[in-house]
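First the structure, in the form of C-alpha cells, and then the observations on it.
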Amino acid sequence: MAHAPEPAGQTHAADAVASVVGLKVHFESRAGRVHAVDGVNFDIRDGETLGLVGETGCGKTVTARSFLRLVPMPPGIHAGGSLYFHPHQRCSHCLGAGCAVCEGTGRLPVTCSACGGEGCRACGETGVKTIDLSTLPEKELRDIRGNRIAMIFQDPAKALNPAMTVRNQIAEVFYQHRTQEVLERARLGTRPNPLLRRHAAQRSRLIERALLALPPLRMQRKRVERVIDDMVASALAETQIPNPSKVMERYPHELSGGMKQRVMIAQALACNPDLLIADEPTTALDVTVQARIIELIKELQSRHKSAVLYISHDLSLVRRICNRVAVMYAGRIVEIGLTEEIFANPLHPYTRGLLAAIPGRSHDRGQLVAIKGTVLELIDPPPSCRFVERCSYAVAVCAEVDPELEDTHDGHGVACFIHNPPDMAVELPSFSKLTS
C-alpha cells in the first residue's frame, strides 16, 4: 500500500505531522472552472523533508497555501478533501534533546482527548490529536499560523512589510504566540497587570498605551520590550545574520536578497513550528546565496527537528535535501516515494521526462531533452490521465480512464497504468512500446 493517504473517510497515517486527503481547490474564471488542485493525497512525516516538485502552474503553491488557508476565496473554491494536522509537544522523556521514545525528534504527538490515545472517529483511529485545517474556525487557525505551521514565501521582498522594521515584523510572532513566555522572561509574575498582558499580546488601545507611558508601568513595559528585543536578536542570530541587533532596526529595502530571506526564515522558525513550508525559497537569489540558504534550512531543520514541505522545480536541489519526493502534474500527485528510489527507478513517464531533461555527461553538447507538448488546460479537464497528450507510451485506455495513485512496492506510489493495470480487458501501455 502506498504511503499516500487513503481516500477521504478512511484513517490516515499515525506518524504524520500532516496529511492531505483528497484535496481539491478550484478557481472560477470566465472560461470555466480551473481544477488547480484536483484530488491530492500525501503525508508529511514527523522530522522528515518532503519535496513537492513539478512544472510551474501544476498546483504546488496552491497546495502549500491551503495548509494555512491563504488561497483567496473567491475566486478560489475549496471543492473537497481535508488537510489534517497532528500538533506535537516536547518529549517529556528527553526534554526535546531526542531519545528512543521520540525516535530522535525531540517531540511527540499530542494524545487525542476524545479517546485517550485508543483511536476513535475524531482522530481518524490514530490516537493522536487531529485538526482538520480546512474546517477549523478562523480564530483557532490564527493560533496555528506562524506558531505550529510556518511558511517561507517565494519572494521575501513581497512577503515582508516595507513600512515596518525587521524587529517589529519578527516581534509580531512572539507577541501573538508567546505572550506568557514574554511576561515570564520579563519577570512580571504569574498575574501581571492586565495592561501589560494586553501590551504583550499587541492588543493595547490608545488610552492604554498612554497609561503604559507613565510610571510605574513604563519601566515594566520597557522590560517587556527588552525581552522582545532579545528574542528577535536570538532568532536572527540563528540564521547566521551578522550583528543582529543592528539588522533588526533596518527596513527590508536596506537588506540584500539573501539577508531578506534569512529574516523570513528567522520569522518562520521563531516559534519552533511542527511543520515548515518552504515555497521555492531560493528562486529569487543568485546561485552562491542559494547554496548558503539551502544549507541554513537543512541545519535549522536538523536543530529544530521540524517536518519540512519543500516546494521546488529544481530536481537536483530536491535530491540533496529531501527524504521523500512527491511529483505533481496538472493538479495531481503522479508519483511519490523515497528520494533515492524516485531518482534511481522513476515509474511515471512524466518523472522520467523530468529526470531526462536534467543536463548531464550523457547529453550531447548543446542538446537538451524536452517533454513534448504543453501542460493540459485545467478548465474542466476530461476524466483521463492528465499526461496522456504528452506521453510517448499512452494507449486508448489512458485517454478514457484516470489512473489512481497506487502503491507498487515499499511506499513507492505511482498513478500510471503501466504499473497498475485497470481491471478491464484493454490494451495496456508499456515502456517497451512507443506509441507517439
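Observations, loosely collected:
- Filter result for ILE207 (among the β-branched types (Val, Ile, Thr), in a helix (DSSP H, G or I) and either in contact with a Cys (Cβ under 9 Å, 6 or more places away or on another chain) or at pLDDT 80 or above (or both)): yes
- Count of residues meeting criterion [at pLDDT 90 or above and outside any loop (DSSP other than H, G, I, E, B)] in the stretch 407-420: 3
- Within the stretch 236-254, being within 18 Å of GLU172 (Cβ to Cβ) and either surrounded by fewer than 12 Cβ atoms within 10 Å (Cβ to Cβ) or at pLDDT 90 or above (or both) holds for LEU236, PRO244, VAL247, MET248, GLU249, ARG250, TYR251, PRO252.
- Restricting the stretch 387-423 to residues that are more than 23 Å from GLU341 (Cα to Cα) and charged (D, E, K, R), the residue that is surrounded by the most Cβ atoms within 10 Å (Cβ to Cβ) is ARG390.
- Qualifying residue in the stretch 76-88 (condition: outside any strand (DSSP E or B) and on the phi > 0 side of the Ramachandran plot): no
- All conditions but one from (1) touching a residue at least 60 places away in the same chain (Cβ under 8 Å); (2) in a helix (DSSP H, G or I); (3) surrounded by fewer than 21 Cβ atoms within 10 Å (Cβ to Cβ) apply to GLU225; the one that does not is (1).
- Count of residues meeting criterion [free of Cβ contacts under 8 Å to residues at least 12 places away in the same chain and not in a helix (DSSP H, G or I)] in the stretch 164-193: 3
- Some residue of the stretch 304-320 being part of a helix (DSSP H, G or I) and without any contact (Cβ under 8 Å) to a residue 24 or more places away in the chain: no
- Any hit, the stretch 267-274, residues being surrounded by fewer than 21 Cβ atoms within 10 Å (Cβ to Cβ) and free of Cβ contacts under 8 Å to residues at least 60 places away in the same chain: yes
- Residue selected from the stretch 105-129 under the condition touching a residue at least 60 places away in the same chain (Cβ under 8 Å) and part of a loop (DSSP other than H, G, I, E, B), by the criterion nearest to the chain's Cα centre (by Cα): THR105
- GLY47 fulfils the conditions (1) assigned to a loop (DSSP other than H, G, I, E, B); (2) surrounded by 22 or more Cβ atoms within 10 Å (Cβ to Cβ); (3) modelled with pLDDT of 90 or more; (4) of a type outside the set (A, V, I, L, M) except for a single criterion, (3).
- For the stretch 55-75, a residue qualifies if it is surrounded by fewer than 22 Cβ atoms within 10 Å (Cβ to Cβ) and outside any helix (DSSP H, G or I), and the qualifying residues are GLU55, THR56, GLY57, LEU68, ARG69, LEU70, VAL71, PRO72, MET73, PRO74, PRO75.
- Qualifying residue in the stretch 383-403 (condition: part of a loop (DSSP other than H, G, I, E, B), closer than 18 Å to GLY54 by Cα, charged (D, E, K, R) and modelled with pLDDT of 85 or more): yes
- Residues within the stretch 315-329 that are in contact with a strand residue (DSSP E or B) (Cβ under 8 Å, 6 or more places away or on another chain) and closer than 22 Å to VAL62 by Cβ, tallied: 8
The values are calculated or read from the model by the stated rules, or taken from the named source; none is laboratory data. Bear in mind the structure is a predicted one, so any value in this text is a computation, not a measurement. Cβ atoms come from the backbone with ideal geometry, glycine included; neighbour counts cover every protein chain shown.
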